[in-house]
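Inspection log for the structure reproduced underneath, given as structure tokens.
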Amino acid sequence: MNILLLGPPGAGKGTQAKRLEERYGMVQLSTGDMLRAERAAGSPLGKQVQAIMDAGKLVSDDIMIALIANRITQLGGKGFILDGFPRTVPQAEALDVMLEKNGIAIDQVIELTVDDSALVDRIAGRFSCKNCGASYHDRHNLPKHNGQCDVCGSTDFVRRPDDKAETVAARLTAYHEQTAPILPYYAKKGVLRSVDGMADIDVVTTQVETILNKSKG
């Protein structure tokens, strides 16, 4: 089975993709990971990607499609989870053309729906222990002892630049303007399903698995 996970930054797509890999033996295809791997391999396509990125330019849709096509041929028939692509309707259309040429299709498109304001709160309050990586939140999960990590006792904490409220809000705006329009595209194809991305992680997993199990049945 081949699926596409959709949802704004922070919706939990990466977490659910990892669980699907473990549960169903699927392979997560993250565009960022694929770009890095191709560059590291030094393949002709990787060198092309390297030159484009070194020049500060964006990798074209054609190259991304070629990258995904190459990766799919290496899977030996295993199902895949697309994460991070497509982001626009033209990308979705180009992806479908490539998959059809290879006798493959996207079986399910699963959207993790979120409440924007709640998502900003969820992400913007995050911080972690610099020493051991333990995660905390300003409102929902503070250390038991103020300023001291529960796990290792360190007093040194860090916040990711991307976790600032204004940064999260800007990324959500970009998602709604650029990526959300592909939802009707997949709805017309009859493969779009939605789950509550704001629910507990295990509840989201159950919702996703229910959709996949019905699809297989």
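Which one of the conditions (1) assigned to a helix (DSSP H, G or I); (2) surrounded by fewer than 16 Cβ atoms within 10 Å (Cβ to Cβ); (3) in contact with a Pro (Cβ under 8 Å, 6 or more places away or on another chain); (4) not basic (Lys, Arg) does THR167 fail to meet, given that it meets all the rest?
(2)
So in segment 75-90, with the set limited to residues that are touching a residue at least 60 places away in the same chain (Cβ under 8 Å) and within 18 Å of GLY32 (Cα to Cα), which one is nearest to the chain's Cα centre (by Cα)?
Filtering first and then ranking leaves ASP83.
Which one is farthest from TYR24 (Cα to Cα), of the residues in segment 60-88 that are β-branched (Val, Ile, Thr) and buried (at least 16 other Cβ atoms within 10 Å of the Cβ)?
ILE63
Restricting attention to segment 126-142, does a residue exist that is of a type in the set (D, E, K, R), surrounded by 14 or more Cβ atoms within 10 Å (Cβ to Cβ) and either under 25 Å from GLU93 (Cα atoms) or out of contact with any strand residue (DSSP E or B) (no Cβ under 7 Å at 6 or more places or on another chain) (or both)?
No.
Name the one entry in LYS13, LYS18 that is exposed (fewer than 14 other Cβ atoms within 10 Å of the Cβ), touching a strand residue (DSSP E or B) at 6+ places or on another chain (Cβ under 9 Å) and within 28 Å of ASP115 (Cα to Cα).
LYS18
Quick check on segment 108-115. Is at least one of its residues over 30 Å from GLY25 (Cβ atoms) and touching a residue at least 60 places away in the same chain (Cβ under 8 Å)?
Within segment 108-115, one or more residues are over 30 Å from GLY25 (Cβ atoms) and touching a residue at least 60 places away in the same chain (Cβ under 8 Å).
How many residues does segment 14-30 contain that are at pLDDT 90 or above and under 8 Å from the mean Cα position of the chain (by Cα)?
Number of matching residues: 1.
Among the residues of segment 29-44, is there at least one that is part of a helix (DSSP H, G or I) and over 26 Å from ASP162 (Cα atoms)?
Checked segment 29-44: at least one residue is part of a helix (DSSP H, G or I) and over 26 Å from ASP162 (Cα atoms).
The values are calculated or read from the model by the stated rules, or taken from the named source; none is laboratory data. Remember, it's a predicted structure, so these values are computed and weren't measured experimentally. No Cβ is skipped: glycine too gets one built from the backbone with ideal geometry, and neighbour counts run over all protein chains shown.
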